[in-house]
Amino acid sequence: KKIEWMIMKQFNLQEYLKNPSRKIVTRDWRTVRIICTDFQSDKPIIGLVKDKEENKERAYNFSEDGKQYLTEDVVESNLDLFFVPIKKEGWVNIYQDNELKCNSIFDTKEKAEEIGKSLDNYITTIKIEWEQP
C-alpha cells in the first residue's frame, strides 16, 4: 500500500465540509474520524486516528489541507490526511467500426445491452470498475 497514497486525493477542509461522510485515512492508511473542524488554532481540524498496534484512537490536530506538520523542516508525515478513493462501476458497450470503441458508461447492464443490441455493429457489454480520487 506504500504507493497507493499517490493516487489518493489530499485532504481539503472545504471539500470535506461538502461531504463529511466521505472516508478519511492517513498517508499510511490508518482510519480517521474527524470530530472538529473549527478549533481555534492554526490547525483547526481535530481527528481521531486509529492506532496500528492497539485498538485505540489518538487525537491529533491538522491544518486545513490535512497536514500534520511535525516540525518546520518536516512537512510530510504519515499522519497527513487523504480522502479514500471512491470506487465506481459501470457498463460499456463495445462496437465494431473499423476499430473497437465504446462511447458511454451505463449504470446498469440491462440499460447498456438494450442500447447496444439496437445497433448493428454491437459486439458485447462489459463491466468496468475504477477509482476516483
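The values are calculated or read from the model by the stated rules, or taken from the named source; none is laboratory data. Just so it is clear, the structure is predicted and the values come from calculations on it, not from any experiment. Every residue, glycine as well, gets a Cβ built from its backbone with ideal geometry; the counts of neighbours run over all protein chains shown. For the accessible areas, the whole protein counts, side chains as well, though only heavy atoms, and no ligand, DNA or RNA atoms are used. Shrake-Rupley method; radii C 1.70, N 1.55, O 1.52, S 1.80 Å.
A few points about this structure:
- Annotation: of all residues in region 37-61 being in a loop (DSSP other than H, G, I, E, B) and hydroxyl-bearing (S, T, Y), the one that is surrounded by the fewest Cβ atoms within 10 Å (Cβ to Cβ) is S41.
- Any hit, region 95-105, residues being in a loop (DSSP other than H, G, I, E, B) and surrounded by 15 or more Cβ atoms within 10 Å (Cβ to Cβ): yes
- Filter result for I34 (in a strand (DSSP E or B), at pLDDT 90 or above, among the hydrophobic types (A, V, I, L, M, F, W, C) and surrounded by 16 or more Cβ atoms within 10 Å (Cβ to Cβ)): yes
- Boolean, E15 is at pLDDT 90 or above, within 30 Å of E114 (Cβ to Cβ), outside any loop (DSSP other than H, G, I, E, B) and open to solvent by 40 Å² or more (accessible area, probe 1.4 Å): no
- No other residue among E131, E76, E64 is in a loop (DSSP other than H, G, I, E, B) and modelled with pLDDT under 85 apart from E76.
- Residues that are more than 20 Å from K87 (Cβ to Cβ) and open to solvent by 80 Å² or more (accessible area, probe 1.4 Å) within region 112-133 comprise E114, K117, S118, L119, D120, I123, listed in sequence order.
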